[in-house]
1. Would you be able to say whether some residue in region 136-153 is in contact (Cβ under 8 Å) with a residue 24 or more places away in the chain, part of a helix (DSSP H, G or I) and either in contact with a Gly (Cβ under 7 Å, 6 or more places away or on another chain) or on the phi < 0 side of the Ramachandran plot (or both)?
2. Restricting attention to region 16-71, and to residues there that are more than 19 Å from residue 136 (Cα to Cα) and of a type in the set (Lys, Arg), which single residue is surrounded by the fewest Cβ atoms within 10 Å (Cβ to Cβ)?
3. Looking at residue 223, is it buried (at least 17 other Cβ atoms within 10 Å of the Cβ), assigned to a strand (DSSP E or B), among the aliphatic types (A, V, I, L, M) and at pLDDT 85 or above?
4. Can you tell me which residue in region 29-65 is nearest to residue 115 (Cα to Cα), limited to those that are touching a helix residue (DSSP H, G or I) at 6+ places or on another chain (Cβ under 8 Å) and basic (Lys, Arg)?
5. Listed residues 216, 194; which is free of Cβ contacts under 8 Å to residues at least 24 places away in the same chain and of a type in the set (Lys, Arg)?
6. Select from region 178-215 the residues that are in a loop (DSSP other than H, G, I, E, B), crowded, with 16+ Cβ neighbours inside 10 Å, modelled with pLDDT of 90 or more and not aliphatic (A, V, I, L, M) and list them in ascending order.
7. Within region 125-146, does at least one residue satisfy the condition of being modelled with pLDDT of 75 or more and more than 24 Å from residue 300 (Cβ to Cβ)?
8. Out of (1) crowded, with 19+ Cβ neighbours inside 10 Å; (2) touching an Asp or Glu at 6+ places or on another chain (Cβ under 8 Å); (3) assigned to a loop (DSSP other than H, G, I, E, B), what's the single condition that is false for residue 275?
Amino acid sequence: MKVNAPKPERKKPKKVTVRTIAEMTGYAHCTVARALANTGNVAEETRKRILQIARDAGYVNEKQPVIAIIIPLFGPEISTYNTSLIDELVKHLDCEGFRYELIPDHMTGRLNEKLINGAISLCYLGQLEKEWAALHNIPLVCINDYGFNLNQIYSVSSNDRQVMTMLADHLLAGNRRRVIYYELHSSTKNQRERKAYFYNIAKHADMEIVPLPDKRQNWGVFVKNSRIDAVVIPSEDPDLRIYAELKDYGLRIPEDVELIHWFTRKISETLMPNQFCPGQDFPELARQAVLLLKRLFRGDEVVHDLFVDYRIFQSGSTRA
């Protein structure tokens, strides 16, 4: 009988301490400690040299790591999506005793001037990860974007396959088969995946996806005349013009037509309290992102990206 040899244990990298950095740089322990904490009287060139060596060596202040929260450059409006995620991330980082800085994505080059131990990205266009390895030597966790499982870059994403399957099942259970799919953004990972999953399900479920009306056309008139059963807006930022024009035309939501968009606090609860409403689990996305960073700090092996299921809000209740 053939017996497989036991796999050798994976050795974790040796912990890098302040004393390690002092030995590597030749500076006194107290000087290194002040430079790493950015306190005390340390010459700027000395501080930069100590920080560079500490970063290259993978030094992490285990008592209070410093995390960069990288955010996309906001336009004239800040979306509910970004504010919800930032709010939850700050809560979880505070609970872990981590310090954090908000860094716009066009200023990530400055991370090389600081002692940043890890980063969490809220950017969702797939650009940051491509240049990360060339700029930085710290772990990066991307929320709702691509992770490459290389150079310590991983992702935590909402489970778009799960939510689109639940959405289709809900529509089919109500015999709603003539649907408008209205995507406000098409350039993000989530939007591309949601659309692909939903269109594939519709193709095999005898569900018709009706083209969007002309921009000048009244939504109430179009939905009524075209016998539309549901309007799906897979985003946290609903187009309230659609809601207003449906109501003004006398259409009841959801009795006459379902108007489904991702859960937006106050808007969803106030305007459409009985409507089937998927929502990203922002607290869990943030929690998993912070836990993943902690694993990377410890040197744990991470073999795959993580997915977080959506929650469904309906009739004042929430279910997983």
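The values are calculated or read from the model by the stated rules, or taken from the named source; none is laboratory data. All values reported here derive from a predicted model rather than from experimental measurement. Cβ placement follows ideal geometry from the backbone for every residue including glycine, while neighbour counts extend to all protein chains displayed.
1. Scanning region 136-153, I find no residue that is in contact (Cβ under 8 Å) with a residue 24 or more places away in the chain, part of a helix (DSSP H, G or I) and either in contact with a Gly (Cβ under 7 Å, 6 or more places away or on another chain) or on the phi < 0 side of the Ramachandran plot (or both), so the answer is no.
2. 63
3. Spelling it out, it is not the case that residue 223 is buried (at least 17 other Cβ atoms within 10 Å of the Cβ), assigned to a strand (DSSP E or B), among the aliphatic types (A, V, I, L, M) and at pLDDT 85 or above.
4. Result: 55.
5. 216
6. Result: 182, 213.
7. There is no residue in region 125-146 that is modelled with pLDDT of 75 or more and more than 24 Å from residue 300 (Cβ to Cβ).
8. Going through the list (1) crowded, with 19+ Cβ neighbours inside 10 Å; (2) touching an Asp or Glu at 6+ places or on another chain (Cβ under 8 Å); (3) assigned to a loop (DSSP other than H, G, I, E, B), residue 275 breaks only (1).
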